[in-house]
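This report concerns only the one structure given below.
The values are calculated or read from the model by the stated rules, or taken from the named source; none is laboratory data. Quick caveat: nothing in here was measured; it's all calculated off a predicted structure. Here the Cβ is made from the backbone with ideal geometry for all residues, glycine too, and neighbour counts use every protein chain on show. Accessible surface areas use protein heavy atoms only, side chains included; no ligands, DNA or RNA. Shrake-Rupley method; radii C 1.70, N 1.55, O 1.52, S 1.80 Å.
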Amino acid sequence: MMENGRRIGVLWDMDGVIVDSGEAHYVSWRTALKRYGLPCTREFFDETFGMNNRGILSLLLKRDATDEEVDAIGGLKEELFRQDVKGNLAPLPGVVEWLDRFNQAGFPQAVASSAPQENIDAIIDGIGLRASFQALVSGSALPGKPDPSTFLSAAERLGLPPSECLVIEDAKVGVQAAKAAGMRCLAVCTTHRAEELAKADLVLKGLPDLTTDAVGTLFP
């Protein structure tokens, strides 16, 4: 893929990049929050998609969410989500092909998601892709995106500096986190419009539109 033998780490966001799980997240948030007498509009969901539960709840409550609230409300939401998606997800178009291409090129890969580890394990195992990744990194206990902590942790797990990492994202906060980490970012328009993702280094409709030449231009 790169004739100079450069070793690039590929950090995949999960929800909206590897699988189309947005609607399941929205339904589970709406159900969980209703039980606690809290609203969940589509607009709020779309704006916060990609953030971890602490960040979402803090914005919703307009104050820092307590550990108890994150555990109770977020825990219920994730339980509902895992029940909903069990056996119902498949990799988005282009995901398997690019996982294979990156692996064949010798590029180590990691999932770097705001989701709880239980969600990551359930989804990646459920679609049979665990063997494609060298690390599965959850940012649920880290400062949430747009903070770069999740991506920096994933780069560390792969043993690579941030400058040698490519992030694949679909959310505005994810793009912001990737750039704050000092990484290249490819954004796919599965959950947001191209103009919302314009801070990425490359914006595509989806992974089927990605080419090896385009990857090479990101790391001159």
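Some points to look at:
- Extension gain for residue 209 to residue 141 (0.36 nm times residue separation, less C-alpha to C-alpha distance): 21.1 nm.
- Counting DSSP beta bridges with both ends in the chain, the antiparallel % (nearest 5): 5 percent
- The local environment of residue 196, defined by Cβ-Cβ distances under 13 Å, has a net charge of -2 under the rule Lys, Arg +1 and Asp, Glu -1.
- Here the spin labels are modelled as points 7 Å beyond Cα on the Cα-Cβ line, and at residue 67 and residue 217 they lie 4.9 nm apart.
- Total charge dipole magnitude, region 51-168, about the Cα centre, Cβ charges on Lys, Arg, Asp, Glu only, Debye to nearest 20: 260 debye
- If you take all other residues with their beta carbon under 14 Å from the beta carbon of residue 125, and give Lys and Arg +1 and Asp and Glu -1, the sum is +1.
- If you take all other residues with their beta carbon under 11 Å from the beta carbon of residue 74, and give Lys and Arg +1 and Asp and Glu -1, the sum is -4.
- Cross-link pairs 86/205; 145/172; 77/179; 86/172 - those with Cα-Cα distance over 19 Å: 86/205; 77/179; 86/172
- Span from the region 123-145 Cα centroid across to the region 197-217 one, whole angstrom: 22 Å
- The candidate values were [x] 15.8, 44; [y] 16.7, 57; [z] 18.4, 62; the one computed from these coordinates for Rg and Dmax of the Cα atoms in Å carries the label [y].
- Solvent-accessible ranking of 172, 179, largest area first, probe 1.4 Å: 179, 172
- Annotation: amide H-H contacts under 5 Å for residue 65 (H modelled 1.01 Å from N, sequence separation of 5 or more, or interchain): 58.
- Each residue of region 92-98 was assigned a 3J(HN,Hα) from its phi angle through the Karplus expression (A = 6.51, B = -1.76, C = 1.60, θ = phi - 60°), giving 5, x, x, 5, 4, 4, 6 Hz with x at Gly and Pro.
- For region 19-162, accessible area per residue (1.4 Å probe, heavy atoms of protein chains only), Å²: 48 Å²
- Global form of region 106-220, assessed from the alpha-carbon gyration tensor, a/c cut-off 1.5: rounded
- Loop-located chymotrypsin sites (Phe, Trp or Tyr not before Pro) across region 26-65 with a Cβ neighbour count of 13 or fewer within 10 Å are 36, with loop assigned by DSSP.
- Virtual paramagnetic centre 7 Å along Cα→Cβ of residue 88, amide N under 17 Å, in region 113-134: 119-120, 122-124, 126-127
- Folded to 0 to 90 degrees: helix 117-126 orientation relative to the chain principal axis, Cα: 60 degrees
- Taking every C-alpha pair closer than 8 Å and separated by at least 6 residues, the mean separation divided by the residue count of the chain gives a relative contact order of 25 percent.
- Cleavage-rule hits (trypsin sites (Lys or Arg not before Pro)) in region 56-110: DSSP loop, at most 13 neighbouring Cβ within 10 angstrom: 62, 63, 86
- Of the residues 68, 164, ranked by 1.4 Å probe accessible area with the largest first, the sequence reads 68, 164.
- Helix 22-35 and the longest principal axis of the C-alpha atoms of the chain enclose an angle of approximately 20°.
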